[in-house]
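Enquirer: One structure, pasted below without further comment.
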Amino acid sequence: MTTYLNIIIAGLLTGAVYGLMALGLSIIFGVIRIVNFAHGEMMVLGMYAVLILNEHFGLDPLLLVPVAAGLLFVFGYALQRTLINRFISRPDHEQFVLLLAIAILITSSTLMAFGPDARNVQVSYAYESYEIAGLLFDKVRVLAALGAVAGVVALTAFFRFARTGKAIRACADNQIGARVVGLDVNRLYAITFGLGAACVGAAGALLLLLVDVEPYIASDYTLLAFIIVILGGLGSMPGALIGGLLVGVSEALSGFLIMPSLKSMFSFGLLILVLLMRPQGLMGRRA
């Protein structure tokens, strides 16, 4: 029983980082109503940015989380403002092609810049752990999960209390009404896309403590983010976090009980089960 509890704890801690990653996708869709098929690729950009700063300056990835979030915010803001905004009113398939093209460009660029080999960061506390009541908590996973939770809390507070956050919520509820009262919807959309990119950048910095980075993992994490968002409910911030926790636990248990290579199968199985019982997702609302 202790072994299973330790595995579940590890899954929950990893799932918190997954939740932050998927939160960015949920925010973008919930406000702009556009699906970011380059989500995992943006996360890989954040991971490589942290990797470079760690290798050259020896900075801890945890200290670089705000840096990765800031860099990806600027990237996302500029991308939305200059390119994606022109496609918001276009058919869904054109948006799909645009974001897929951006994803391919990012993957090809990182492949040319860093090569195909997997790389990671080395931290002094990589093999340390906390023991509480006979249960083991990996220090790396605990710190990564705390960073993810802090990001979720900060973003929730921004949308609830900040004036810009309230304006973004108004755009999500009624775009035409927001324009009527004088809100700069295009600017708010750019900020929203930047925030979504910042979430995935921060998640990438935290995830770099747990996994190796190479260009082709981007598509795997894009797919994983979609699974989590659909599980929790499209556009739901709490749902993204809950979905991340569920996927983290399912991957941890399936990797231990069967084999790590089949963990994605159980994530898809969980997705099918939730869609059969609650098509709008765990925290989603019926249209």
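The values are calculated or read from the model by the stated rules, or taken from the named source; none is laboratory data. In this text the structure is predicted, and so the values were computed from the model without any measurement. Note that each Cβ is placed from the backbone with ideal geometry, even for glycine, and that neighbours are counted across all protein chains shown. These area figures cover heavy atoms from the full protein model, side chains too; ligands, DNA and RNA do not enter into them. Shrake-Rupley method; radii C 1.70, N 1.55, O 1.52, S 1.80 Å.
Enquirer: So for the pair ARG187, ARG278, with labels modelled 7 Å out along Cα→Cβ, what separation do we get in nm?
Expert: Spacing of the two 7 Å Cα→Cβ label points: 3.8 nm.
Enquirer: If we sort 231-240, 65-74, 171-180 on the protection proxy, mean other Cβ atoms within 10 Å, highest first, what's the order?
Expert: The densest-packed peptide leads the list: 231-240, 65-74, 171-180.
Enquirer: Any idea which of ALA154, GLN122, LEU206 is furthest toward the positive side of the dipole for the chain, if Lys and Arg beta-carbons carry +1 and Asp and Glu beta-carbons -1?
Expert: It is ALA154.
Enquirer: Enter the accessible area per residue of the chain (Å², integer; probe 1.4 Å; all protein chains in place).
Expert: Working: 13930 Å² over 287 residues.
Averaged over the residues of the chain, the accessible area is 49 Å².
Enquirer: Based on the mean of other beta carbon atoms within 10 Å per residue, what is the order of 263-272, 220-229, most packed first?
Expert: Ranked from most to least packed, the peptides come out as 220-229, 263-272.
Enquirer: On to the next question. Fully extended, how many nm does the chain gain between ARG160 and ALA133 (0.36 nm per residue separation, minus their Cα-Cα distance)?
Expert: 6.0 nm
Enquirer: Using label points projected 7 Å from each Cα along Cα→Cβ, tell me how many nm separate ASP173 and SER261, to one decimal.
Expert: 5.1
Enquirer: With the cut-off at 17 Å, report for region 40-109 the share of all Cα pairs above it, as a whole percent.
Expert: Numbers: 1233 of 2415 pairs.
The share of Cα pairs beyond 17 Å in region 40-109 comes to 51 percent.
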